[in-house]
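The values are calculated or read from the model by the stated rules, or taken from the named source; none is laboratory data. Just so we're clear, the structure is a prediction, and the values are computed from it rather than from any experiment. Cβ placement follows ideal geometry from the backbone for every residue including glycine, while neighbour counts extend to all protein chains displayed.
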Amino acid sequence: MFTKVFKDSDELSQAAATSFIDLANAAIQARGRFLVSLSGGSTPMKLYARLANESVQWNHVHFFWGDERCVPVDDPGNTYGAMREILFDKIGLTNIHRVESELEPTQSARAYASTLSGFADTPFDFPRFDLVLLGMGDDGHTASLFPGSPVESDTPTIAVTAHYQDRPANRVSLTPKVFNQAREIWFLVTGAGKAETLRRVLTGEKDPEQLPAQRIQPVNGKLVWMVDEAAGKFL
Ligand code: 6PG
């Protein structure tokens, strides 16, 4: 595991954008495509905005989502919808494999599993992502894996009913089974409000049931925590 500490969220986002493009170029050269699982929340939006100005073979980049809120795409809570304005409308034609968030959650999770199976890497029924981006909530949740939810999951996708802040309750999430097969996983975490949870997740006792971010442990990949000084102050 690597921890990289940046002065602030601007520096972090710039560094993440540069590394994203480097990784995309390397994956496209090696395997002809770059499969990335995106995270929602506010933290990665600066990164996504920066990517709009970067040059890469976007037609070889495939975008998936680690989780999504089950609301229509024009709802402010929909991550795909937010990214459409920030990134996709700017870079033009791309391969977008979004969660069909307008469906009923269980149906949506099933449809998304079927989308994933179209990119499966044997022996799995889902792809081995080149990059997974994740955030962490101040309660230690990641994607839509919330404290108290089952630590293990047999399926690649799950429908989740979450009660968190004022965000929509129904979500679809990938499970650690999928995340942990990725080649690289980057957590992006900023702000003093997350400092204590970050300390517990990275240096405290193992409690993956209450700290879902601890469930993310790549089997054969690289895990990078990109944090700003405020979030990393107790590390
Ligand atoms: C989502 C997420 C979620 C997010 C964290 C951190 O809400 O869409 O995938 O897991 O990454 O809640 O959110 P912030 O970046 O807004 O703090």
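One table, with the values for the structure above:
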| quantity | calculated |
| --- | --- |
| Residue selected from the stretch 49-87 under the condition part of a loop (DSSP other than H, G, I, E, B), within 29 Å of residue 159 (Cα to Cα) and among the small types (Gly, Ala, Ser), by the criterion farthest from the chain's Cα centre (by Cα) | 77 |
| Criterion violated by residue 197 - all others in (1) within 25 Å of residue 97 (Cβ to Cβ); (2) outside any loop (DSSP other than H, G, I, E, B) satisfied | (1) |
| Residues (under 20 Å from residue 67 (Cα atoms) and within 15 Å of the ligand (Cβ to nearest atom)) located in the stretch 195-219 | 211, 212, 213, 214, 215, 216 |
| Whichever residue in the stretch 28-48 is under 18 Å from the mean Cα position of the chain (by Cα) and assigned to a helix (DSSP H, G or I) and, among such residues, is nearest to the ligand (Cβ to nearest atom) | 45 |
| Count - residues of the stretch 2-16 that are within 16 Å of the ligand (Cβ to nearest atom) and within 18 Å of the chain's Cα centre (by Cα) | 4 |
| Cβ-Cβ under 7 Å pairs, at least 6 apart or on other chains, the stretch 208-235 side on the phi > 0 side of the Ramachandran plot, far side surrounded by fewer than 16 Cβ atoms within 10 Å (Cβ to Cβ) and modelled with pLDDT of 95 or more | none |
| Flag if residue 69 is modelled with pLDDT of 95 or more and more than 22 Å from residue 228 (Cβ to Cβ) | no |
| From the options 115, 106, residue that is out of contact with any helix residue (DSSP H, G or I) (no Cβ under 7 Å at 6 or more places or on another chain), polar (S, T, N, Q), more than 16 Å from the ligand (Cβ to nearest atom) and under 26 Å from residue 183 (Cα atoms) | 115 |
| All positions within the stretch 1-27 that are among the acidic types (Asp, Glu) and part of a helix (DSSP H, G or I) | 10, 11, 22 |
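Condition check ((1) under 30 Å from residue 22 (Cα atoms); (2) of a type outside the set (Phe, Trp, Tyr)) across all residues:
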| position | (1), (2) |
| --- | --- |
| 141 | yes, yes |
| 146 | no, no |
| 161 | no, yes |
| 183 | yes, yes |
| 190 | yes, yes |
| 196 | no, yes |
| 208 | no, yes |
